[in-house]
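First comes the structure, then the notes that go with it.
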Amino acid sequence: MHLELISFKLCPFVQRSVITLLHKKAPFDISYIDLSEPPAWFFKISPFRRVPVLRVDDKTVLFESAIINEFIDDVTAGSLMPADPLQKAQNRGWIQFGEQCLVDQYHLSTAENGKSWEESLAKAHHNLAKIEGMLGEGPYFNGESFSLVDAAFAPLFMRYALWPRTLGALPSEEFPRLVSWSKTLLGLPEVQQSVVDDFHLLYAEHIREHGGYLANAFPVNSR
């Protein structure tokens, strides 16, 4: 089975799928496109004109990272979802919730001024507190075993780790279990290898290009 992911280099959602593929040691290719000028063929295979999409054997296309990841999990050895149906459903819910956390992070990264930053930070912390309140001792979301929930949240933590701590986006005193979970995930080879080599430079440049409140935290000399 030939698997090809299509995305752009900074997409946190395709990163979820790359992490899953790397963890499962599944062979795959990845193709990057420019979303500002996407090729015509992309519109034919992506119904929402979003990334990622997964081409399977060059003919079948899947979209939405959560669906892609469950497919990858189903067609490879082992399982990254709980066997218990109720716990599996709960995991799916938190994977979906992780998308909202990424949206919160996006709103923070595009905040135009201090007022909108503070408003977005309050919303982000409100949602992060929900996860903090239900996390166990770890080291992973489900305890001792890595799961698709971990793959879903790792891109969020990777981006927060690039932000100066002085911004208070993920304060350890308020979110000790989230910070511990973040450190565990960011230390995994499959997470570290799930982005392009110059990801931190491209991400900083992307933030600066937007020119919002967060841009001041990424000066040009950060390259």
Quiz item: Name the pairs: first residue in the stretch 161-172 and among the aromatic types (F, W, Y), second residue at pLDDT 95 or above, Cβ to Cβ under 7 Å, at least 6 apart or on different chains?
Solution: W163/A169
Self-check item: Only listed residue being within 23 Å of G187 (Cβ to Cβ), touching a Phe, Trp or Tyr at 6+ places or on another chain (Cβ under 6 Å) and charged (D, E, K, R), chosen from K9, K25
Solution: K9
Practice problem: Determine, yes or no, whether N91 is under 29 Å from R208 (Cβ atoms) and out of contact with any His (no Cβ under 9 Å at 6 or more places or on another chain). | Solution: no
Quiz prompt | Residue satisfying condition, being farther than 30 Å from L21 by Cα and not aromatic (F, W, Y), within set A161, A151, A122 | solution = A122
Quiz prompt | Residues located in the stretch 47-87, provided they are small (G, A, S) and in contact (Cβ under 8 Å) with a residue 40 or more places away in the chain | solution = S65, A66, A77, G78
Exercise. Examine the stretch 163-183 for a residue that is surrounded by 14 or more Cβ atoms within 10 Å (Cβ to Cβ) and closer than 27 Å to S31 by Cβ, and state whether such a residue exists.
Key: no
Practice problem: Go through the residues of the stretch 116-132 one by one and say whether even a single one is part of a loop (DSSP other than H, G, I, E, B) and surrounded by fewer than 20 Cβ atoms within 10 Å (Cβ to Cβ). | Solution: no
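The values are calculated or read from the model by the stated rules, or taken from the named source; none is laboratory data. What you see is a predicted model; the values in this text were computed from it and never measured. Glycine also receives a Cβ, built like all others from the backbone with ideal geometry; neighbour counts cover every protein chain displayed.
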